[in-house]
Amino acid sequence: MAIISINPATGETLLTVDPLTTEQTIAAIDRADGAYRDWKMTSLDGRKSFLLKFAQRLRSRSEELAHLITREMGKRISESRYEIEYCAKISEFYANGAQKFLADEPVPVDDADAFIQYAPLGVIMGVMPWNFPFYQVVRFATPNIMAGNTVLVKHASNVPQCARMIESLFHECDLPDGVYANLFIPSELVEVAVSDPRVQGVSLTGSERAGASVAAMAGQNLKRSVLELGGNDPFIVLDDVDVDEIADLAIKGRIVNAGQSCVASKRFIVVKAVAQQFIDAFKKRMSQLTLGDPTDEATTLGPLSTEAAAVNLLEQVQSSIDAGATIVLGGDRPDRKGAYFNPTILTGVTPDMPTFDQELFGPVATVYVVDNEAEAIELANHSTYGLGGSVFCKDIDRARRAARQIESGMVFINQPTRSQAELPFGGVKKSGYGRELSRLGILEFVNKKLIHHRK
Ligand code: NAP
């Protein structure tokens with residue numbers, strides 16, 4: 001893919017970047033490895049000061065950065081502002097928490113003093129997607145930087161301005177050269193980094209296809225990997241709910257980031273006692289969304305990230321319709337310039353249809369009507385994905401029992417799946433493995449080294 005920034009709301013080309021060569025990529029690895037020698041010896045307080053400065057910098061330039069995100073990938077401006085603030089919080093979370101997260105951990109044994117040291121590993125490669133162009137990178141980079149690793153980031157090819165900006169923000173905070181580096185490389189050159197003996201691990205957030213490819217490279221080279229891949233999150237509505245309240249949350253869950261979130265609610269599984277009421281309330285709210293310019297505060301649904309994404313989504317929706325699914329709302333694109341897609345609700349999607357087990361990355365909701373709770377859980381688990389999920393029910397004990405049976409990395413009760421610095425984030429099945437955020441996130445790329453002294 002060419003590294004090119006195009007405003008998806010207007011189609012205007014903003015920037016084209018020449019990719020690095022193999023030699024330039026190797027030179028960046030040299031610098032990251034050189035920087036690691038000093039960085040691993042830098043005290044936690046020393047590392048912390050850079051990340052606190054980074055958080056400050058994000059906040060002081062928030063408006064400019066938010067507009068950059070919106071221009072480059074089409075996110076609504078209020079969501080872009082939220083993303084920048086959230087990145088500042090993640091940076092502070094790891095800056096302030098690392099002392100506790102990485103403290104030596106005693107191992108109780110009778111005949112020895114033994115403990116685990118959480119030591120850095122070296123250079124870690126990150127391969128990141130465009131949908132949260134600051135958050136994804138910050139979520140990967142800040143725990144690694146605090147742990148004493150140095151990081152190389154290959155960002156998605158459609159967000160080079162965000163990629164460049166993140167690197168320059170770190171430089172503005174005087175982070176030593178080589179601790180964080182942006183690599184403008186095509187995906188074919190990721191292997192150069194993963195196979196380099198100085199690179200100790202790779203974390204990829206993205207599609208199943210990219211995940212499988214990078215995991216294969218990691219396996220071939222005996223490197224650690226973390227994969228944060230797609231999701232097809234269930235949003236289970238049981239009979240004991242206030243349907244209007246749930247319909248408001250359903251909109252929030254589905255329309256976040258114009259529907260382009262791995263943990264957006266995608267499959268609405270509703271017990272039949274409240275199904276028609278839910279479909280009516282949900283349809284009413286979906287049809288009231290205001291499509292428009294993502295920099296306009298009045299817009300409630302912006303464009304998708306690229307024209308190709310909108311074309312692909314239309315093909316997926318059309319294939320469901322061709323196979324017999326019913327359109328409750330939308331199902332097409334509006335007659336306007338930009339990568340827009342109309343809010344869409346489908347019913348009657350069955351396991352034999354191609355889209356049943358595919359992620360629909362946009363404002364398209366699929367509603368399934370089931371007889372009862374047991375059927376809802378069975379359908380929720382009938383997916384090759386297992387990232388997040390939600391259960392809605394006033395009886396919290398019942399909701400918890402249902403949540404325990406869902407095969408996913410995260411389940412939220414009475415709220416759509418969300419991300420917060422303190423909460424572990426990640427999936428099972430084809431949604432990947434490993435965790436980001438929380439203490440678990442900073443422990444992914446560290447050497448859990450045993451130090452043992454016999455008494
Ligand atoms: P993508 O095509 O897989 O791209 C993600 C990153 O991987 C990009 O930097 C891309 O580079 C790179 N890439 C693609 N193919 C590669 C390969 N064969 N080898 C090495 N690198 C490769 O994903 P996307 O469509 O941009 O992102 C959306 C997907 O990410 C969705 O499935 C979404 O659910 C998932 N996602 C998951 C999480 C999570 O935390 N679980 C979070 C956000 C998004 P190029 O841009 O140069 O192709």
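Below is a table of values for the structure above.
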item: Residue selected from region 214-229 under the condition near the ligand (Cβ under 9 Å from one of its atoms) and part of a strand (DSSP E or B), by the criterion surrounded by the fewest Cβ atoms within 10 Å (Cβ to Cβ); result: Leu227
item: Test result for Glu79, open to solvent by 10 Å² or more (accessible area, probe 1.4 Å), part of a helix (DSSP H, G or I), among the charged types (D, E, K, R) and more than 16 Å from the ligand (Cβ to nearest atom); result: no
item: Hey, Pro133 modelled with pLDDT of 95 or more, more than 17 Å from the chain's Cα centre (by Cα) and part of a loop (DSSP other than H, G, I, E, B) or not; result: no
item: Subset of region 281-320 (residues that are under 20 Å from the mean Cα position of the chain (by Cα) and farther than 18 Å from Asn158 by Cα); result: Leu301
item: Region 157-213, residues that are within 9 Å of the ligand (Cβ to nearest atom) and either assigned to a helix (DSSP H, G or I) or not assigned by TED's automatic domain parsing to the domain that holds Arg435 (or both); result: Ser187, Glu188, Leu189, Val190, Glu191, Val194, Glu208, Arg209, Ala210, Gly211, Ala212, Ser213
item: Residues within region 312-340 that are among the β-branched types (Val, Ile, Thr) and either under 11 Å from Gly362 (Cα atoms) or outside the structural domain of Asp357 (by TED's automatic domain parsing) (or both), tallied; result: 1
item: Among (1) over 26 Å from the mean Cα position of the chain (by Cα); (2) within 24 Å of Val317 (Cα to Cα) - the single one Phe268 does not satisfy; result: (1)
item: Members of region 370-416 found to be under 22 Å from Thr355 (Cα atoms) and among the hydrophobic types (A, V, I, L, M, F, W, C), listed by number; result: Val370, Ala376, Ile377, Leu379, Ala380, Leu387, Ile406
item: Verdict on Glu297 being within 16 Å of the ligand (Cβ to nearest atom) and surrounded by fewer than 16 Cβ atoms within 10 Å (Cβ to Cβ); result: no
item: Qualifying residues in region 410-442 (those that are hydroxyl-bearing (Ser, Thr, Tyr) and closer than 21 Å to Asn144 by Cβ) - the one nearest to the ligand (Cβ to nearest atom); result: Ser419
item: Residue in region 30-40 that is outside any helix (DSSP H, G or I) and open to solvent by 60 Å² or more (accessible area, probe 1.4 Å) present; result: yes
item: In region 401-440, the residues that are within 13 Å of the chain's Cα centre (by Cα) and more than 22 Å from Thr142 (Cβ to Cβ); result: Ser431
item: Residues (open to solvent by 30 Å² or more (accessible area, probe 1.4 Å) and either under 13 Å from Leu238 (Cβ atoms) or among the polar types (S, T, N, Q) (or both)) located in region 382-397; result: Thr384, Lys394, Asp395, Ile396, Asp397
item: Residue under evaluation Gly388, criteria (1) in contact with a helix residue (DSSP H, G or I) (Cβ under 9 Å, 6 or more places away or on another chain); (2) assigned to a loop (DSSP other than H, G, I, E, B), criterion not met; result: (1)
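The values are calculated or read from the model by the stated rules, or taken from the named source; none is laboratory data. All values reported here derive from a predicted model rather than from experimental measurement. In this analysis, Cβ positions are derived from the backbone assuming ideal geometry, glycine residues included, and neighbour counts consider all displayed protein chains. Just so you know, the surface numbers come from the protein's heavy atoms only, side chains and all, with ligands and any DNA or RNA stripped out. Shrake-Rupley method; radii C 1.70, N 1.55, O 1.52, S 1.80 Å.
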